[in-house]
Amino acid sequence: MTIPTQNQCFQMLHDSAMPEHIVAHSLQVCRVARLLTGALIQRGAALDMDLVTASALLHDITKPRSFETGENHCETGAALLAEKGYGRVGKIVGQHVRLDAYAPGGEPTEAGIVNYADKRVLHDQVASLDRRMAYILERYGKAPDSDRRIRWLWDVSAELERRIYRDLSFAPADLDGQIGDVDNSPEMKAFKAVAAACPDP
């Protein structure tokens, strides 16, 4: 099944009227996801780097419109990508907040890596899982039901983190150092070049 190229991803982000700060967030999520995927592949994991890359870039594809509609951007992002013929990518995008299944002891999947990478990026900076989840709890956990769901998600995400890192040569606290002080401008420049060549959505 087809996986969109980086330029096709950038075009879709442009078509969705994606604000630059969310583009920057998505670029950093992609960087984290690719680093972890590469490290896991070196350890023998059977993972698809292109699938991870496209899914990470597009994980918030319908988030801009959700600010007005209140829609679940995981569900509508998955549906939009499926309509465009990118069903595998859509399946992962649909799970970037909550995985369809959590399998303690199981091998990390592309969906798990993108889900986890999103929880390690606060705005466009790498952050600890605890810091990111505390931010989510403060912003979205006002209602008792939301508070419980987020705390549950925090727990299962911590278990996912343990599974991802159990065979890696670096720890979760080392992720920022592994990523390094990376300048987003080349990727942002590439995004703007694609956007400039596209008609306004």
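The values are calculated or read from the model by the stated rules, or taken from the named source; none is laboratory data. All values derive from a computational prediction rather than experimental measurement. No Cβ is skipped: glycine too gets one built from the backbone with ideal geometry, and neighbour counts run over all protein chains shown.
Computed values, structure above
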| quantity | calculated |
| --- | --- |
| Test: residue in the stretch 83-93 that is at pLDDT 95 or above and at positive phi | yes |
| Identity of the residue in the stretch 144-201, within 19 Å of the chain's Cα centre (by Cα), assigned to a helix (DSSP H, G or I) and β-branched (Val, Ile, Thr), that ends up surrounded by the fewest Cβ atoms within 10 Å (Cβ to Cβ) | Val156 |
| Matching residues, the stretch 3-19, being surrounded by 15 or more Cβ atoms within 10 Å (Cβ to Cβ) and of a type in the set (A, V, I, L, M) | Ile3, Met12, Leu13, Met18 |
| Residue count, the stretch 37-54 (criterion: under 19 Å from Arg98 (Cα atoms) and either among the charged types (D, E, K, R) or touching a Phe, Trp or Tyr at 6+ places or on another chain (Cβ under 9 Å) (or both)) | 1 |
| Residue match in the stretch 116-131 (condition: in a loop (DSSP other than H, G, I, E, B), surrounded by 15 or more Cβ atoms within 10 Å (Cβ to Cβ), at pLDDT below 95 and not polar (S, T, N, Q)) | yes |
| Matching residues in the stretch 91-115 - criterion: being crowded, with 21+ Cβ neighbours inside 10 Å and under 18 Å from Met12 (Cβ atoms) | Ile92, Val93, Gly94, His96, Val114 |
| Every pair of residues 6+ apart whose Cβ atoms lie under 6 Å, when the first sits in the stretch 78-97 and is closer than 27 Å to Met133 by Cβ and in contact (Cβ under 8 Å) with a residue 40 or more places away in the chain while the second is part of a helix (DSSP H, G or I) and acidic (Asp, Glu) | Ile92/Glu110; His96/Asp118 |
